[in-house]
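Accompanying notes for the structure given below.
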Protein chains: 4
Amino acid sequence: MKNNGNTFGNNFSVTTFGESHGVALGCVIDGCPAGIELTKEMIQKALNRRRPGVTPDGKLNASVTARTEADEVEILSGVFNDRTTGTPIALEVRNTSQHSGDYGNLDLTFRPGHADYTYDIKYQGNRDYRGGGRSSGRETLARVAAGAVASQILAKYGIKVTAYTIRAAGISAEKRDLSQIEENALRAPDNEAAAKMNARIEELRAAGDSAGGVIECLVTGCPAGLGQPVFDKLDAQLAKAMLSIGAVKGFEIGDGFAAADSLGSQNNDSMHAEGGRPVFDSNHAGGVLGGLSSGQDIIFRVAVKPVQSIFKPQQTVRRSGDFGEDGSATYETTDLQIQGRHDICLCPRIVPVVEAMTALVLADFILRDSNVSKIR
Amino acid sequence: MKNNGNTFGNNFSVTTFGESHGVALGCVIDGCPAGIELTKEMIQKALNRRRPGVTPDGKLNASVTARTEADEVEILSGVFNDRTTGTPIALEVRNTSQHSGDYGNLDLTFRPGHADYTYDIKYQGNRDYRGGGRSSGRETLARVAAGAVASQILAKYGIKVTAYTIRAAGISAEKRDLSQIEENALRAPDNEAAAKMNARIEELRAAGDSAGGVIECLVTGCPAGLGQPVFDKLDAQLAKAMLSIGAVKGFEIGDGFAAADSLGSQNNDSMHAEGGRPVFDSNHAGGVLGGLSSGQDIIFRVAVKPVQSIFKPQQTVRRSGDFGEDGSATYETTDLQIQGRHDICLCPRIVPVVEAMTALVLADFILRDSNVSKIR
Amino acid sequence: MKNNGNTFGNNFSVTTFGESHGVALGCVIDGCPAGIELTKEMIQKALNRRRPGVTPDGKLNASVTARTEADEVEILSGVFNDRTTGTPIALEVRNTSQHSGDYGNLDLTFRPGHADYTYDIKYQGNRDYRGGGRSSGRETLARVAAGAVASQILAKYGIKVTAYTIRAAGISAEKRDLSQIEENALRAPDNEAAAKMNARIEELRAAGDSAGGVIECLVTGCPAGLGQPVFDKLDAQLAKAMLSIGAVKGFEIGDGFAAADSLGSQNNDSMHAEGGRPVFDSNHAGGVLGGLSSGQDIIFRVAVKPVQSIFKPQQTVRRSGDFGEDGSATYETTDLQIQGRHDICLCPRIVPVVEAMTALVLADFILRDSNVSKIR
Amino acid sequence: MKNNGNTFGNNFSVTTFGESHGVALGCVIDGCPAGIELTKEMIQKALNRRRPGVTPDGKLNASVTARTEADEVEILSGVFNDRTTGTPIALEVRNTSQHSGDYGNLDLTFRPGHADYTYDIKYQGNRDYRGGGRSSGRETLARVAAGAVASQILAKYGIKVTAYTIRAAGISAEKRDLSQIEENALRAPDNEAAAKMNARIEELRAAGDSAGGVIECLVTGCPAGLGQPVFDKLDAQLAKAMLSIGAVKGFEIGDGFAAADSLGSQNNDSMHAEGGRPVFDSNHAGGVLGGLSSGQDIIFRVAVKPVQSIFKPQQTVRRSGDFGEDGSATYETTDLQIQGRHDICLCPRIVPVVEAMTALVLADFILRDSNVSKIR
């Protein structure tokens, strides 16, 4: 079985590695220009933001799991005197707080909604089942670390990426006050709505259930012309980047699915000139035209499914023997009660991952397009 | 300015070329296994299905443009005695029916909703503006041709890809009768709904406006384990493939955005065993778990925006000079009245493109995974 | 069987297609910057230079085959008003002068020294055996066409690539007078030596035998810093490019194999400063240090084996049945007398191919390195 | 400045990282099939073989440097219960024995023959100059570790790769007794010749000078059909792999440069059938025909230049200021006396690197070709 899907990006190219309960997780970034300022602290700050069980104000986050690790990053290569050297940047986070014993019964029993069953078939039983192994959400740690490096490139162009929860557990944010995002445990741009989301999440926790939500991402300061026709369109790469995040089930840009019900006369973003500069009269497109950034804000949304690990008994199957020559096996029905403490709603933890993946997409396109003014 | 976005797929790798009003469009497929039966007729049949202005029953399609070309494909290489040889398969369709004169005023004036403005900036005015050039929907012709080759591989595994319009101009299909898809001009699985869609589209045509819609795609017979963690997940590649189609603004798989409001206990697809074989009790996931096919049907939907070329006067900008050293230019406000005959709703023409791109994704993953039983 | 080896270059990326006796040969170039001047005549001129049977002065070339085709190139896409648009450039040459009948007996009989046997096994008998099919030297036509485009990029930097025959049929050029290269049929920088080479080649022709030789390539004007550590070193990519040419069996750069017998004190190229500029005291390295161009002339040599198609009877094998399930077949001993008219020494025809592949390598590295001053 | 040259292989894909005096060196292997047996010991054994200063019999190796580090490898991911899981395999070796102080004067002064000058220009002074940084021979440690994993795949097919020194310091091996390779400090297949090589090397050491040599590599058991036309030919990839090793200046396969003086009637390897199986009568081609393995032994040679670090005073330049906006700088002439203890002849240490890179090439092609019988 071949793999080869663990690299993202062509020119700013990130290869990630690591399992939830293995020795370490990390990534190698190949293609980062030389001369970019980069310190361990810059990356650590991003990692801290995605840590489980910690709210922006440092309290226990009601919506997320309590596994608390230091998640301390180490820069192994590619940086000298706090500047990148143009050589591969290897980043590593050692696993320190694994409770592998929690997963002893999951070697052949497949948790519903998880990747256990499909990994087991694909890799014919060769699988680190502890904590989901490679399919664990913990894998996104490497993405966030790489995203922190990409952000250093974006900063040189004045590009800013901000994601936030606009819906969780069935409750929507009523406003987009970006200053409130880090003030509530949901990372919603609306503290009041966040309080309601949190209350609903606590009800679901008590009921042993879980919730999903919707995350929106806003990119400001992006120059026009990023993206590569016809397959590597900016929105196509963003869609791939988002759907590559475990719990994401949908992506839409600009008006998205609502555009399907719109008319051409409504949906077209007309333009006019002001002082010789082109100005769009609206942004139904979400900042992308023909797969290229238009210079407007880029706005897209992703659908996050409810956390799969719930505390209600579930029915599933257990593989009852080895795989045969033809790659098939036999299974038996079994009941499953998931142990341990888990997230109830992933949205606040996925917010930094959405930002990181967006940064990776944009940094890659910047380096693929020499028309963008040079970094140095 | 670099490009390099015109190849799709790693192992079944398709590079497309061509502009709407250039000499020819086509593609080179590298990585198709040897020994696959392939004739010109197989590809031509697929191309005929995407031709503009022709309904499945051979009548003029109300919803689409009247530019009618033969779109005759020629196999230039890679096939000998009606079998692939493992060498690159080059396919070519010559352009024969261009009315380039229609576009004479569009060299510096940018049609709202189109890629004209962004291409002009990215390529600094080096642009074949006729009919949108490379950004024309006509580019999908090469995708459909390549998809026909990919389908020959899928057929060996019993994989079947079927797309259809489930919503257009604000009207939804009420059923999924796949036998009706080719019986109506909308390619909807519901002849009655299709008639209503068509009526609404005629109203919009009279009003000089246009409509969007939603296309669903169903894949049956797909084995478990296709897809490559963690970035090249099956759903991630499908999302990229779909968003790479010009008019597509959203993608969702399984319950998609509805999953965001679901509970874990509702959304998890539990399993049981029947005769030693694993059986899913539902398919909220849409056939993909952890980025790998689960063996269930794969179901996803894409949002199609309304056609940009409308017959109402629109305000836009016109570039009034050459690009400067810094890559910027000056613009002036202008009015635009688009000429010629255009589509009103793209859905029926995008249906074969959705199928083709899906086939490219699946064929690629089959060749990336040696665990799938061999073709020969 | 997967293929996928028909693309060269990462950023200036060329995918070739076509068989010796198929419909057409050609290539798609993805990644050529927009705004480069490009006409059919520029490419045609390069193709004419590699045509068989024609000496620089228009006479029949003694050393090469008499198959004379127009080899007329057509630009299918990517160029508008004689300038590249940044979209894929498809180039095509139709085959017009095939004598397929000459190869009727070669469907199952494998010519010694040719790729017939290995292609037959790899593709399990799915093979266009006419004229060697994909493995024919005629495939290099697409490389030369692409190289002509790459040369337009190099010209903007003042980079010049010149290859020439320094040894053929056992006779060496005694000087490097580049002005004489196109004055003799061997493309040697020494007309007198060329006359001797030609005389020896005529003897071999009369004897039904063939000869090899050595080609040297000189690159002037290359800026320092091209190449990408650690695997895509400039010399590593040049070596790959050269060995990818059918008849090439060796590559050496700078002192090459002679460096193996040298001492460090002899082989190191010391430096001094002149007016603040660094100057090398010698060029044993051949213009590449640590895989990066040093700013000196790049000099390398390739070994060309004798033409495989000789007119003496040869012993070989013939496949006597179909391939079995396990991929093997049975063979029988047979005698072979090759028909038709063939090259005696490939050197003069490989000279333009060496130049083209070198141009592809350099153009790719230029586009991979934003430190090189911009084209526009 | 973009980089992106630190990955080797398409399907068995290795990305290396690390500098000579940084925190760690290592690699991530993406694409290794699941189910392959792999332990730390297997990799450690390969690494021990390339350690400096140690002969096969455990004594100090006269020809190589005395920097002795444990070079202990750690498997960070991708292996569970001593079997690969199909997920990325990250390998890491921490640097423990750096004497960075030795290099304090080399931040702006460039050692002749080294990559110092070209890296400095390419990365505009952003360079870890200690021990050559990324351009150090120590980088090959990651290649050898990855090669040990690739070897586990080759072993399943009975493919064996053996490299050895056939010439060093001007003295040639007179025989090919592979059993003697690990019996002498030169890794020559001829103990007597090795003794002479060693004696000459000691003379050069005393004189403060250094030597080069030639390494040959033999691959047995390789099935026919490996390699991918037309650019990724087996010999083309081998040539790239070899030239990507720092000190290598030439590559030849089979008769190599000698083929240039051969006749077609001598150089063609004729065939006959024995018991229905094809048998070659000679192996002038070196086991590759048309870029595909022929089933014969693969034999190639590489030229190794003399060690650049010599103990004689050398003239070089020193950069005397920062780089300007245009990427240029000013330099002054200076004298250099290299400090520390260094290799005199690299051949014995490059032998394992040649083997490792060959294993990477072959494992990659095996995974690219589904015609090879499956691993599981």
Just how many % of Cα pairs in the stretch A:247-376 lie over 16 Å apart, if you round to the nearest whole percent? 78 percent
For chain C, the longest principal axis of the Cα atoms and the Cα long axis of helix C:347-368 enclose an angle in degrees, to the nearest 10, of 50 degrees
Over the protein assembly as shown, consider all pairs of different Cα atoms and compute the Kirkwood hydrodynamic radius from their mean reciprocal separation; express it in Å, one decimal. 33.0 Å
With a cut-off of 18 Å, note down the residues of the stretch D:8-51 whose backbone N falls inside the zone around a label point 7 Å from the Cα of D:ASN81 toward its beta carbon. D:33-40
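Using the beta-carbon distance between A:ARG176 and B:ALA155 and R0 = 45 Å, what value does 1/(1 + (r/R0)^6) give for FRET efficiency, to the nearest 0.05?
0.40
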Computed, not fitted: 222 nm per-residue ellipticity of chain D from DSSP H runs ≥ 4 (each -39500 (n - 2.57)), nearest 500, equal to -7500 deg cm²/dmol
Under a 5 Å amide H to amide H cut-off, with H placed in plane at 1.01 Å, what residues pair with D:GLY276 once short-range neighbours are removed? C:TYR331
What net charge do the residues around C:GLU41 carry, taking every other residue with its C-beta under 14 Å from that of C:GLU41, with Lys and Arg at +1 and Asp and Glu at -1? -2
Longest principal axis of chain C (C-alpha) makes with the long axis of helix C:191-206 (C-alpha) an angle, in degrees to the nearest 10, of 10 degrees
Could I get the Rg over Rh figure for the stretch D:141-183? Both from C-alpha atoms, Rh via Kirkwood, rounded to two places. 1.09
If amide H atoms are modeled at 1.01 Å from N in the peptide plane, then the residues at a separation of 5 or more from C:VAL214, or on another chain, having amide H under 5 Å from its own are C:ILE166, C:ARG167, C:ALA168, C:VAL304
Any idea what Rg and Dmax come out to for chain A if you just take the C-alpha atoms, in Å? 21.5, 73
Per residue of D:309-321, how many C-beta atoms from partner chains lie within 10 Å of its own C-beta, taken as a mean? 4
Can you run phi through the Karplus equation (6.51, -1.76, 1.60; θ = phi - 60°) for the stretch C:155-160 and list ³J(HN,Hα) in whole Hz, with x for Gly and Pro? 4, 5, 9, x, 8, 10
Just rank A:LEU289, D:LEU336, fewest to most, by other beta-carbon atoms within 10 angstrom. D:LEU336, A:LEU289
What are the nm distances, shortest first, from D:GLU203 to its equivalents in the other copies, labels at 7 Å along Cα→Cβ? 4.0, 9.2, 10.0
With x for Gly and Pro, the residue-by-residue ³J(HN,Hα) of the stretch C:287-304, computed from phi through the Karplus equation 6.51 cos²θ - 1.76 cosθ + 1.60 at θ = phi - 60° and given in whole Hz, is x, 9, 10, x, x, 10, 4, 9, x, 7, 4, 9, 10, 9, 10, 10, 8, 10
Cα-based Rg of the stretch A:157-266 normalised by 2.2 N^0.38 Å, two decimals: 1.25
Expressed as an acute angle from 0 to 90° and rounded to the nearest 10, what is the orientation of the C-alpha long axis of helix A:234-243 relative to the principal long axis of chain A? 20 degrees
Kirkwood-based shape ratio for the stretch B:195-319, expressed as Rg/Rh from alpha carbons: 1.13
Given H placed 1.01 Å from N in the peptide plane, which residues other than close sequence neighbours of C:GLY125 have an amide H under 5 Å from its amide H? none
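Can you put D:THR334, B:THR7, D:THR96, C:THR220 in order of Cβ neighbours within 10 angstrom, beginning with the fewest?
Going from sparsest to densest Cβ surroundings: D:THR96, C:THR220, D:THR334, B:THR7.
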Applying the Karplus parametrisation 6.51 cos²θ - 1.76 cosθ + 1.60 with θ = phi - 60° to the phi angles of the stretch B:247-260, what ³J(HN,Hα) value in whole Hz is obtained for each residue in order, glycine and proline being reported as x? 8, 7, 10, x, 9, 8, 10, x, 5, x, 5, 5, 4, 4
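How big is the stretch C:82-189 by the Kirkwood estimate over distinct Cα pairs, in Å?
The answer is 17.9 Å.
Here, each number is a calculation from the coordinates, and none is a lab measurement. This one's a predicted model, so the numbers in the text were calculated from it and none came from an experiment. Note that we place each Cβ from the backbone using ideal geometry, even for glycine, and neighbour counts take in every protein chain shown.
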